[in-house]
Amino acid sequence: MGPATILHADLDAFYASVEQLLDPSLRRRPIAVGGGVVLAASYEARAYGVRGGMSGWQARQLCPQLRFVGGHFRDYQRLADQVMAVLRDFTPVVERISVDEAFLDVRGATHLFGPPPVIAEEIRRRVRAEIGLAVSVGVARTKHLAKVASQVAKPDGLVVVESGREREFLAPLPVELMWGVGPATQARLHARGVRTIGELADVSPAALQHLLGDAHGAQLAALARDHDPRPVAPRAKARSVGAQSALGRAPATAEVLNDAFARLADRVASRLRAAGLEGRTVSVRVRFPGLRAVTRSVTFPDAIASTRALTEIAAFLAARAIEEEAEHAITLVAVSVSHLRRDAGLQLPLPFEPRARLDEAARWALDRSVDAVRERFGRGAVGYAPVVLGAAGSVPDEFRALAEHDLAQEAE
DNA sequence: TCTGGGGTCCTAGGACCC
DNA sequence: TCTGGGGTCCTAGGACCC
């Protein structure tokens, strides 16, 4: 059994903490970032039961004096990047898993900086002193344990799980603290009388697989017994790139679909081209009032990366799905491209609809020139007509960018 | 009065091939 | 006129994560 050298560092109530850092009058007060939906709540707001993901009105019911603040999304990215830079001062083995959290393996850093708990405290001290934010840290032998430990450490704490005491640490904790246990799994486990990780470890892997499916059951059985071999590693290459847009309640017309998918396809295709990627499969998701949603996808022999091809394919798939479902209103549309590969440079004509076969190479070349202008003058400088005119997107691009995964890894 | 946006992985059935 | 098994790919849906 190896030593506990894996750290999980997680910024506390990140968006809300940044707002309180930027505006001292918000400190020690219940605030929420967002409007229609709570993107993040300060700890003062959480004391009232306010949680991320809640609708705004629901949050106000719980906490009438709740202050909603606009998101300074560029500052979130900037400050989180500074925190990551601090982490990289201790080891290059940093795996960033979202804007505000990361794993580190400090195995090779102890001779310079001391044992892992000392490194963890130094990280917390520096992030507090240099950036002004609280970061909680878990230290353990595995990623899963380190992550659970940082959750237990919050707010503004440090929890070290000593090597050899892992199962003792896990046993009393509720199952929903485990990576991979969400509402559905939690409900199934509770129905079986399993509430703690210790109780979960007492269930046979076979029984868990029967209850939760082969892969998921086996994984939870392993994690509950503290078997987690995953190393801290840079992110694997991206497998899909997508974008979505909530529409409120919109009529399911061709105009709405064309406009929405033009905007989404523009985002997705630009990111693909910037990363030198293209994809063979286009998937579309349409959500109807009542949260029911359907998915449609199509896979081509050749990959695409042009905005126009993606727009046409996505709008076509969505229109067909809406017709099949006999719906007349939609609340959300999404498009995603998968089966990614390095762009071949040579773009073949797309055999999607022979009548309207357009030269994919020409579209791609046009898109590249649009990308180049935007790079110099900004996104608003140039765009296809529906994108420019339909710029009523409710969410700023800076927020979308926060959630994007890094595509800058080699694919295939 | 009903949850944003960007992702990953798994499952199950059907088509198709050997 | 159809028995048996194995593998891959595609599609649709769902759970989960931040």
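Cβ-Cβ contacts under 8 Å between residues 6 or more apart (or on different chains), taken from a first residue in the stretch A:1-26 that is at positive phi and assigned by TED's automatic domain parsing to the domain that holds A:LEU79 to a second residue that is surrounded by fewer than 22 Cβ atoms within 10 Å (Cβ to Cβ) and part of a helix (DSSP H, G or I), are listed as A:ALA13/A:TYR43; A:ALA13/A:ARG46. Of the helices (runs of 4 or more DSSP H) entirely within the stretch A:23-88, those holding at least 1 residues that are within 25 Å of A:ASP406 (Cβ to Cβ), among the small types (Gly, Ala, Ser) and over 20 Å from the mean Cα position of the chain (by Cα) occupy A:73-88. For the stretch A:127-184, a tally of residues being in contact with a Pro (Cβ under 7 Å, 6 or more places away or on another chain) and within 16 Å of DNA strand B (Cβ to nearest atom) returns 0.
Considering the stretch A:307-326, the residues that are within 16 Å of DNA strand B (Cβ to nearest atom) and hydrophobic (A, V, I, L, M, F, W, C) include one that is nearest to A:ALA274 (Cα to Cα), namely A:LEU310.
Tell me whether the stretch A:262-270 contains one or more residues that are within 13 Å of DNA strand B (Cβ to nearest atom), of a type in the set (Gly, Ala, Ser) and more than 15 Å from A:LEU340 (Cα to Cα). Looking through the stretch A:262-270, at least one residue is within 13 Å of DNA strand B (Cβ to nearest atom), of a type in the set (Gly, Ala, Ser) and more than 15 Å from A:LEU340 (Cα to Cα).
Does A:ASP226 count as among the acidic types (Asp, Glu) and either surrounded by 15 or more Cβ atoms within 10 Å (Cβ to Cβ) or on the phi > 0 side of the Ramachandran plot (or both)? For A:ASP226, the condition - among the acidic types (Asp, Glu) and either surrounded by 15 or more Cβ atoms within 10 Å (Cβ to Cβ) or on the phi > 0 side of the Ramachandran plot (or both) - is met. Annotation: A:ASP302 fulfils all but one of (1) at pLDDT 95 or above; (2) part of a strand (DSSP E or B); the unmet one is (1).
Condition check: within 29 Å of A:LYS237 (Cβ to Cβ) and within 16 Å of DNA strand B (Cβ to nearest atom). Does A:ASP105 satisfy that? The answer is no for A:ASP105. When A:VAL268, A:VAL241, A:VAL256 are checked against the criterion of being within 16 Å of DNA strand C (Cβ to nearest atom) and either assigned by TED's automatic domain parsing to the domain that holds A:ALA293 or under 17 Å from the mean Cα position of the chain (by Cα) (or both), a single residue qualifies: A:VAL241. Just give me the residues in the stretch A:197-232 being touching a residue at least 40 places away in the same chain (Cβ under 8 Å) and within 16 Å of DNA strand C (Cβ to nearest atom), in sequence order. Once the filter is applied, which keeps residues that are touching a residue at least 40 places away in the same chain (Cβ under 8 Å) and within 16 Å of DNA strand C (Cβ to nearest atom), the stretch A:197-232 yields A:LEU220, A:LEU223, A:ALA224, A:ASP228, A:ARG230, A:VAL232.
The values are calculated or read from the model by the stated rules, or taken from the named source; none is laboratory data. What you see is a predicted model, and the numbers here were worked out from it, not measured in a lab. With ideal geometry, Cβ positions are generated from the backbone for all residues, glycine too; neighbour counts draw on all protein chains shown.
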